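Some notes on the structure that comes next.
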Amino acid sequence: MIQVDQALAIVAANSSKMPVKKIKVAKALGYVLAETIYSPIDMPPFRQSAMDGYAFIHSDLTSLAVVGISQAGDYSNSTLEKNEAIRIYTGAYIPDAADTVVMQEHVTVKGGSITIDKVPPVTINVRNKGEQIEKGAVVLEKNTVISAAAVGFLAGLGIVTVKVYSKPKVGIIVTGNELVAVGKKLPKGKIYESNAVMLAAALKSVGINKPVIFKVKDSLKATAKVIESCLTQFDVILISGGISVGDYDFVKEALVQNGVEELFYKINQKPGKPLFFGKKEDKLVFALPGNPASSLTCFYVYVLAALKKRLGLTNIHLPKMSRKISAAYNNTTGKTLFLKGFYSDHDVRVLESQSSAMLNTFSTANCFITIPNDVTAIAANEEVTIIPFN
Ligand code: AMP
Ligand code: MG
């Protein structure tokens, strides 16, 4: 059985970037750039006023005749004398002759002229050509996630399309004869299916919004068939349940039948020990334990990293922090623990229920507290590593 760090390294080494595609900037939110973008223009493309006010040639004179007007969107390059000003608005073209804009709140208007009440410093309220970015300069580096601000920045530079890594198509296969879809009546002996919806919700954090969900009974034939079909359609396949050692756990055998290469099976951790990770060509398969808390823990720790790698990100693991633990904790398992915890600015608390079958405290947890397999006891107030996940 491998350790957590080995498993993480295997996931990173075997997850390849998705193919590159061109996409309209307007639809690129959440994608990762597969190219460095250089600015095709100076931004702003001309000297702009940063204020509603008056453009003038900075001097000792405070009484100026208003000889023209420049509204945002207009272009007129009026000439100016030292005792003249142009009425100007935010974003408007500043005539080449002017070097300063006084804001309208600092002038008194009398007929066709103004008196400057408070002479501003020279060049104030002028946005210079190329002040934000010059033509040819780097706009965004390769591997940057495209945020809403980035969409605006790119569009503002007149960029229509960018090259990004495609998003992986994800299929979720849910196994278990005991599972009933929510909304249906719950017969004796059955439980509601919750892993598929939970994993689909968790996928949204990396912008994967439409995984396709398949439900399959605990039968080798049916499981092998659905895996075969998913291998032709999806880049990443998540399988829930059926990966343990029970007589009705058929996932492992079904994967072998389909030629999925095992990269690891079972990790020295709790919860989530029976995680299987495999691949066929560039398709990745995670067979997650059915217990809901195990399933989600494996998703956060391993599946997310694989997805981020496929999406083109370079930082693929959830960031770690440290906090003082509020009470002593003993690890008698010899396994790495991913405890459900709640951290504040000051400390972190281990939540009450740590059962891999239960989501009751996971639902209010905001982090894992990781306890390494070789650490047996932690004293109250000792620093521990936490992995925030919300
Ligand atoms: P398994 O890994 O298939 O042996 O399942 C382990 C435990 O998780 C069993 O108690 C299952 O009933 C439960 N379980 C498996 N799949 C799901 C699911 N999709 N939703 C809720 N519970 C599940
Ligand atoms: Mg099962």
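For this structure, a couple of remarks:
- For the stretch 321-388, the relative contact order comes to 48 percent (Cα pairs under 8 Å, sequence separation of at least 6).
- Per-bin percent of Cα-Cα distances, the chain [10 Å]: 5, 18, 20, 17, 12, 10, 10, 7, 2, 0
- Across the stretch 48-127, C-alpha contacts under 8 Å between residues 6 or more apart give a mean separation that, scaled by the residue count, equals a relative contact order of 40 percent.
- Sorted from longest to shortest, the spans of the Cα atoms of the stretch 321-388 along the three principal axes equal 28, 26, 17 Å.
- With contacts taken as Cα pairs under 8 Å at a separation of at least 6 residues, the chain carries a relative contact order of 16 percent.
- Size descriptors for the stretch 118-185, from the alpha-carbon set: Rg then Dmax equal 24.6, 80 Å.
- Sites K24 and A327, calculated FRET efficiency, Cβ-Cβ separation with R0 45 Å, nearest 0.05: 0.30
- Pair Y38, D60: separation of 7 Å Cα→Cβ label points (nm): 4.9 nm
- Dividing the summed helix terms, -39500 (n - 2.57) for each DSSP H run of n ≥ 4, by the number of residues in the chain produces a 222 nm estimate of -5000 deg cm²/dmol to the nearest 500.
- Per principal axis, descending, Cα span of the stretch 48-127 in whole Å: 28, 21, 19
- Alpha carbon centroid spacing (whole Å) that separates the stretch 218-289 from the stretch 1-34: 20 Å
- Using only Cα coordinates, the Kirkwood hydrodynamic radius of the stretch 229-332 works out to 15.1 Å.
- Taking a sphere under 15 Å around the Cβ of V25 and counting the other residues whose Cβ falls inside, with K and R at +1 and D and E at -1, yields a net charge of +4.
Each reported figure results from applying straightforward, stated rules to the coordinates on display, with no laboratory input. Just so it is clear, the model here is predicted, and its values are computed rather than measured. Don't worry about glycine lacking a Cβ; one is built from the backbone with ideal geometry, like all the others, and counts go over all protein chains shown.
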